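Structure first, then comments.
Quick note: the coordinates plus some simple rules give every number you see, no bench work behind them. Bear in mind the structure is a predicted one, so any value in this text is a computation, not a measurement. Every residue, glycine among them, receives a Cβ derived from its backbone with ideal geometry; neighbour counts consider all protein chains shown.
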Amino acid sequence: MKISLLILFIICGGITFGQNNSYQLFTISTNAAVSALGGEVVTGTYHSIGGWQGNPALINDSLNHWLEFDYSNYIAGSSLVGASFLHKIKKIPLQFNLKHLGYGEFTGTDDMGNVTTNFSASEDVLSVGTSMTTGNFSGGLQLKFLSSRLDSWVSSALALDLGVVFTHPQKHLVAGMVISNLGVVLSNYTDTGLKAKIPLDVKIGVSYKPENMPFRFTSTIYQIAPNQRSLLLKDNLLEREQKLFAFLNAGGEFIVNEHFQVIMGLNFRQRYEMKLSNGASAGFNYGLRFKKSSFGIEYGRSSFHIAQPTHQVSLLVDGQLFNQFSRRNHE
């Protein structure tokens, strides 16, 4: 038996801090702007298809043929990469997403602690989503397939996200709600022992940009379902005033102009669960976004704890550029 593998199993099951679930890649966004806002956003970000991962109702054809590529040096030496593509078929916008979380290579040992062979672990999620708009309301769904590999053990799951968004007809106000990860485990790592759990969640959020002000404020309440709440809450390890904010993710975007924005966010749960005695920055996130007519780049920095911040980069490209480049080469 590989002792290191058991330790890794615990990490995989609780990498989204304080939750007692497997398949945490279902809950992680690869988009840099979302990470800069705190990681929990159901009302989208400023012109970013990766920012729509949190709520399929946000999917629309305004970024038709756009691609996004994401990379992050994730926690404890792991790497997180993602890719998104939006394509409209007739009048139906379809968004395709691919995410990969590699935990790296580990040293295997037997029951006596003797070193055997190295092994690796990873998770992959493939998803497709679409939406429909009627008046000021949009509804969407996203189907996701996950495959998780721990050395020779493989598990898989299928999940569905359902979302709705209200866009105010006159004000810059967006409200959204998502029921995420309604799903079923297709296969467990083993026939006996610990069973994998899908991280079901319910989220409600709102974004608002005051008129004549260069700020867009975003807030999201998540883990509303009681059985999905943080272990710190279940074990009563938080103070009363902390419990009031433990489900809140708050962020904002300073819109310098239509091409450049500064992003900040605070995830209170991450702060409470990961802050050390000297980890004052835990839970605080920030980033930048630069976008022109046919390309853009986003950067996000997340502070889970003082030991190692997480840096994410997202590159956005209009797919029509590749068609133009190809035509020029054939002329």
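Some values worked out for this structure:
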item: Simple label model, 7 Å out from Cα along Cβ direction - residue 202 to residue 62, nm; result: 2.9 nm
item: Cα-projected label distance for residue 117 with residue 47, points at 7 Å along beta-carbon direction, nm; result: 5.1 nm
item: Per-residue ³J(HN,Hα) for the range 172-187, Karplus 6.51 cos²θ - 1.76 cosθ + 1.60, θ = phi - 60°, Hz, x for Gly and Pro; result: 7, 10, 10, 10, x, 9, 9, 10, 10, 6, 6, x, 9, 7, 7, 8
item: Backbone N under 16 Å from the residue 109 label point (7 Å along Cα→Cβ), restricted to the range 74-91; result: none
item: Ordering of 142-150, 22-30 by packing [mean C-beta count within 10 Å, highest first]; result: 22-30, 142-150
item: ³J(HN,Hα) computed for each position of the range 151-168 - Karplus, 6.51 cos²θ - 1.76 cosθ + 1.60, integer Hz, glycine/proline x; result: 6, 8, 8, 10, 9, 9, 8, 10, 9, 10, 9, 10, x, 9, 9, 10, 10, 5
item: Gain in span if fully extended, residue 81 to residue 170, counting 0.36 nm per residue against the direct Cα distance; result: 28.3 nm
item: Linear extension gain, residue 294 paired with residue 213, 0.36 nm per residue minus alpha-carbon span; result: 26.5 nm
item: Cross-link table 88/292; 91/197; 144/209; 197/291, entries beyond 28 Å C-alpha to C-alpha; result: 91/197; 144/209; 197/291
item: For 291, 203, order by how many other beta-carbon atoms lie within 10 Å, fewest first; result: 291, 203
item: Separation in nanometres of the label points that stand 7 Å from Cα toward Cβ, at residue 308 and residue 154; result: 2.8 nm
